[in-house]
Amino acid sequence: MAEYVVRVAGKEDIPRLKELFAKSLAMECRRDPFLVPLEGDWEPLLAQFIRAKEALLLVLEVEGKIEGYLLAFEQVVYGPAAKPHPLRKILGLPRPRPLLLPFRSIWVEDVYLTRTGRILDGGRALARAVRNWAPKIRARRIAGSVALGNRPAEAFALALGMRPLRRIFVADLEDPSKPPPVPERDRPPKGPKGRAGRPADPKRDRGS
């Protein structure tokens, strides 16, 4: 079996990463028709990811060739804003207590593996590297999003011990110049006695 290594990406990896990033975005564009491939050069963006302290760009290298990558970001929540949310003021709720310590988490933005990387189970190697990064920055959560219908990615996330937390719902606007209509509420048909959704009961109607 071929040997592989997971390491932090460097500037020398940018040419190959440009190819893989373009393939990953092309896959997302096929799932979501509203996405379009980015035009121009990926190099400045990838170089920024490599330099940023709050970003982690890992590569899966198999016999000298990059066969996958993982891009993650550190997120820090320092506590509520100085002013309470207007809704809390309207409802008469007290100001939330500030966090004693910053809550740090890791957001996995993108993972891509070639066929070779998938055969070698490189995703687990990348996942282990992210988990090793977590204690270094004192992160308490690792999260990421998976497009609906991408069942291999969902199964992979569950296999890594992750759990679904919430779903994102969207409404696509066919004409951006007009507000989208809100569908009317579906009401069940009224029964014989005028009560919605209640079937007729012959015994009750006879008084027995």
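Report the gain in length on full extension from Arg7 to Asp175: 0.36 nm times residue separation, minus Cα-Cα distance, nm rounded to one decimal.
55.9 nm
With a 10 Å Cβ neighbour count serving as the proxy for reagent exposure, in which order, fewest first, do Met162, Met27 appear?
Least to most surrounded, the residues fall as Met27, Met162.
By counting other Cβ atoms within 10 Å of each Cβ, how are Glu154, Glu19, Glu184 ranked from fewest to most?
Fewest-to-most Cβ neighbours within 10 Å comes out as Glu184, Glu19, Glu154.
Just grab the label-to-label distance for Leu160 and Val76, each label 7 Å out from Cα along the Cβ direction, in nm (one decimal).
Result: 2.3 nm between the two label points.
Per residue of segment 178-183, in order, report the coupling 6.51 cos²θ - 1.76 cosθ + 1.60 (Karplus, θ = phi - 60°) as ³J(HN,Hα) in whole Hz, putting x for Gly and Pro.
Values, residue by residue: 10, x, x, x, 9, x Hz.
Could you calculate the FRET efficiency of Glu54 with Glu184 from 1/(1 + (r/R0)^6), where r is the beta carbon distance between them and R0 is 41 Å, rounded to 0.05?
0.35
Quote to one decimal, in nm, the extra length available between Ile119 and Asn132 on full extension: 0.36 nm per residue of separation minus the C-alpha distance between them.
2.4 nm
Can you sort Asp13, Asp121 from fewest to most other Cβ atoms within 10 Å of each residue's own Cβ?
Asp121, Asp13
Which entries in the list Lys11/Lys65; Lys11/Lys136; Lys18/Lys53; Lys53/Lys136; Lys18/Lys136 go over 19 Å, if you measure between the two C-alpha atoms of each?
Too far apart for the 19 Å limit: Lys11/Lys136; Lys18/Lys53; Lys18/Lys136.
Since every read-out is calculated from the coordinates, none of them should be taken as a lab result. Values in this document were obtained by computation on a predicted structure and should not be read as measured data. Heads up, the Cβs are rebuilt from the backbone with ideal geometry, glycines too, and the neighbour counts pull from every protein chain shown.
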